[in-house]
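Reviewing the structure listed below.
The values are calculated or read from the model by the stated rules, or taken from the named source; none is laboratory data. This is a predicted model, so every value here is computed, not measured. Cβ sites come from the backbone with ideal geometry, for glycine too, and all protein chains shown count toward neighbours. Remember, those area values only see protein heavy atoms, side chains included, never the ligands or the DNA or RNA. Shrake-Rupley method; radii C 1.70, N 1.55, O 1.52, S 1.80 Å.
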Amino acid sequence: MSNTLQHIEVIPTGGALGAEIKGVDVSQSFSPAVSAAVHQALLDHCVLYFRDQHISDEDQVRFTRYFGEPVPHVRKQQDRRVKEIFIISNVKENGEAIGALGNADISFHSDLSYMPEPGTLSTLYAIEIPRTGGETLWCNCYAAYEALDETMKTRLAGLRAVHRHYVEDQNPPGHVAHPVVRIHSETGRQSLYVGPHLTKYIVGLQEEESDELLKTLCTHVMQPRFIWTHEWRVDDLVIWDNRPTMHRRAPFPETERRIMKRTQVFGHEIPV
Ligand code: OGA
Ligand code: MN
């Protein structure tokens, strides 16, 4: 069945962010009206999930392309037929990991924030999921910013923080700094853009003051009231906006299998 505007349902999670989209088959193409409706839902809810999708790599790339240009990841994976698809998995074949990120906890981050032009959108499609753990948690950084008091908002205005990948050789040359509070290029809303995983220090502050401020902001943004958890089912497709959100992957037993396929959009925008 082809996708029609009348059949789309947007069902907010009732949590800090996120909505389920029903009535859309991602294996079929979208009309401009359908992609505009999904895009608006993404701007409104920051994370969207679509259940029971039976899609190929090409379908996932086409879906991504309605919202931005999917790119081969900065970290290359060999032997991928569709270069824009990156495997996230702990599974090993012949002693070698078939994907990235293993089974450990990955603390809150915004994809590719260590790049001068960070990721805007990402998608994940669940192929195999563990029986326990491995949930993905998203945090609403618009809400976290809005909840700060006026004194803190004034203190943060104009500050920039240096972002760095924890694996040193993943970093581009030089120091990449982004605003601590960024303005979304499409919604115009402000959000907090610092996290425990990738933000190293605040430019121009003494080390002690920078550490303390980052700790305060990270503790603030990671409060349960700003977080929504996605419990994966096989055949779930999720798309999220990295600009006003961070995400975390909960750990899972290494004896369990988890296989996800990911696309990422760089968006070619410098955070302001
Ligand atoms: C990622 C990521 C989380 C997950 O792929 O960038 O953070 O749940 N993944 O696999
Ligand atoms: Mn990520």
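Taking every lysine pair in the chain that is 8 or more places apart or spans two chains, those with Cα atoms closer than 29 Å amount to 12.
Our coupling estimate for region 58-64, obtained by passing each phi through the Karplus curve with A = 6.51, B = -1.76, C = 1.60 and θ = phi - 60°, is 5, 5, 5, 5, 4, 4, 4 Hz, Gly and Pro reported as x. At a probe radius of 1.4 angstrom, the accessible area of region 1-106 per residue rounds to 52 square angstrom. Over the chain, all Cα pairs binned in 5 Å intervals from 0 give whole-percent P(r) values of 1, 6, 12, 17, 19, 17, 13, 8, 4, 2, 0, 0, listed from short to long. Modelled spin-label separation between Glu9 and Asp57, with each label point placed 7 Å from Cα along the Cα-to-Cβ direction: 3.4 nm. Solvent exposure of region 141-221, expressed per residue, is 52 Å² of accessible area, with all protein chains present and a 1.4 angstrom probe. In order along region 136-147, the Karplus-derived 3J(HN,Hα) couplings, from 6.51 cos²θ - 1.76 cosθ + 1.60 at θ = phi - 60°, round to 10, 10, 10, 10, 8, 7, 5, 4, 5, 5, 4, 7 Hz, and Gly and Pro are given as x. Restricting the chymotrypsin sites (Phe, Trp or Tyr not before Pro) of region 147-216 to loop positions (DSSP other than H, G, I, E, B) with no more than 16 neighbouring Cβ atoms within 10 Å leaves Tyr166.
For the chain, what relative contact order do you get, as a whole percent, if you take Cα pairs closer than 8 Å and at least 6 residues apart?
That works out to 32 percent.
Temperature 37 °C, viscosity 0.692 mPa s: under these conditions the Stokes-Einstein estimate for region 141-221, based on its Kirkwood radius over C-alpha pairs, is 249 µm² per second.
Computed from backbone phi with θ = phi - 60° and the Karplus coefficients 6.51, -1.76 and 1.60, the 3J(HN,Hα) list for region 108-114 is 4, 7, 10, 4, 6, 5, 7 Hz; x is used for glycine and proline. Measuring with a 1.4 angstrom probe and ignoring ligands and nucleic acids, Met246 comes out at about 10 Å² accessible. Amide H to amide H, with H built 1.01 Å from N, Ala161 comes under 5 Å of His178, Val180, Val203, counting only residues 5 or more places away or on other chains.
Just the protein heavy atoms count here, and of the accessible area of the chain at 1.4 Å, carbon and sulfur take up 50 percent. Placing pseudo-labels 7 Å out from each Cα toward the beta carbon at Arg80 and Thr154 gives an inter-label distance of 4.7 nm. Computed from Cα atoms, the angle from the helix 32-45 axis to the main principal axis of the chain rounds to 40 degrees. When you filter the GluC sites (Glu not before Pro) in region 173-272 for DSSP loop state and at most 16 other Cβ atoms inside 10 Å of their Cβ, you are left with Glu186, Glu231, Glu254, Glu256, Glu269.
When both bridge partners sit in the chain, DSSP labels roughly 90% of those beta bridges antiparallel. The H on the amide N of Ser27, modeled in the peptide plane, is under 5 Å from the matching H of His54, each at least 5 residues off or on a different chain. Relative protection proxy for 59-72, 25-38, 3-16, from highest mean packing down: 59-72, 25-38, 3-16 (other beta-carbon atoms within 10 angstrom). Between Glu186 and Arg233, the distance separating the two model label sites (each 7 Å from Cα on the Cα→Cβ line) works out to 2.6 nm. For region 37-59 versus region 121-168, the inter-centroid distance based on Cα atoms is 19 Å.
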